[in-house]
Amino acid sequence: MAVINYIMSLGASVMMPIIFLIFGIALGLGIGKSLKSGLSVGVGFVGLSVMTQLLADNLGPAVNSMVKIYHLHLHTLDIGWPAASTVAFGTEVGAIIIPLGLLINIIMLVTKTTKTLNIDLWNYWHFAFVGSIVSIATKSFWWGDFAAIVTFSVTLVGADRSQKKVEKFYGKDLEGISIPQAFCVTFIPFAWAINWIIERIPG
């Protein structure tokens, strides 16, 4: 835990490049390309932080003025996924979500509980975010990990179940490709329900 806390204390802009560097080397990408990829991720995080701060600094006063003029009762500024992803990767759960997710993915592939290999490492922040929220709410790192694992597993199953639909809609360009992002998979039950209703409307 001390190691995780130390890595996390470095910040997402330092922590994530290190993780990507290690995985790049482990996957045989080579030191040069791995280092370049890691640095690109780090620069991206710095850019996200700068843009988020600029938005908050510039939009904040405008929003506050609008609230006063129209007598609204708004207390929260939604700055979208950039801030959420930065926060997610900057937590204890976020520090281990990539190796943890890949491990769970491999186990599910070996046990044939999924056919999807999720290599979209950036969007692992979805799982880290859920795990981080649970970890903060329960004050338990392990419950946060459990929540992240459940979210990851359900997302893979959802990606499997929707793969044929994705392939049919997009054609050969996405043949054999699934969409294992938690944000996308959450819409699947609603899509199925709405399609079921529409298909049964007479005429």
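Do you know which of the residues in segment 52-99 that are assigned to a loop (DSSP other than H, G, I, E, B) and surrounded by 12 or more Cβ atoms within 10 Å (Cβ to Cβ) is farthest from the chain's Cα centre (by Cα)?
Looking at the filtered set, the residue picked out is 77.
On the given criteria, is residue 188 assigned by TED's automatic domain parsing to the domain that holds residue 128, closer than 19 Å to residue 113 by Cβ and not polar (S, T, N, Q)?
Yes; evaluated as a whole, the condition is true for this residue.
Which residue, of 134, 93, 110, 130, is over 30 Å from residue 34 (Cβ atoms) and not polar (S, T, N, Q)?
Residue meeting the stated conditions: 134.
Quick one: count up the residues across segment 100-129 that are buried (at least 19 other Cβ atoms within 10 Å of the Cβ) and over 15 Å from residue 180 (Cα atoms).
Qualifying residue count for the region: 2.
Check segment 123-143 and report whether any residue there is without any contact (Cβ under 8 Å) to a residue 12 or more places away in the chain, outside the structural domain of residue 38 (by TED's automatic domain parsing), assigned to a helix (DSSP H, G or I) and farther than 30 Å from residue 16 by Cα.
No, that holds for no residue.
Any residue in segment 111-122 that's more than 18 Å from residue 99 (Cα to Cα): show its pairings with residues that are part of a loop (DSSP other than H, G, I, E, B) and of a type outside the set (Lys, Arg) at Cβ separation under 6 Å, as long as the two are six or more apart or on different chains.
Here the result reads none, with nothing in segment 111-122 linked to a residue that is part of a loop (DSSP other than H, G, I, E, B) and of a type outside the set (Lys, Arg).
Here is a yes/no grid of residues against (1) in contact with a Lys or Arg (Cβ under 6 Å, 6 or more places away or on another chain); (2) without any contact (Cβ under 8 Å) to a residue 40 or more places away in the chain; (3) among the polar types (S, T, N, Q):
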position	(1), (2), (3)
153	no, no, yes
156	no, no, no
163	no, no, yes
166	no, yes, no
169	no, yes, no
189	no, yes, no
201	no, yes, no
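Return yes when residue 170 is crowded, with 21+ Cβ neighbours inside 10 Å and of a type in the set (Ser, Thr, Tyr) and no when it is not.
No; evaluated as a whole, the condition is false for this residue.
How many residues are within 16 Å of residue 120 (Cβ to Cβ) and among the aromatic types (Phe, Trp, Tyr) when one looks only at segment 171-196?
Adding up the residues that qualify gives 1.
The values are calculated or read from the model by the stated rules, or taken from the named source; none is laboratory data. Worth saying up front: this structure is predicted, and the values here are computed from it rather than measured. Cβ sites come from the backbone with ideal geometry, for glycine too, and all protein chains shown count toward neighbours.
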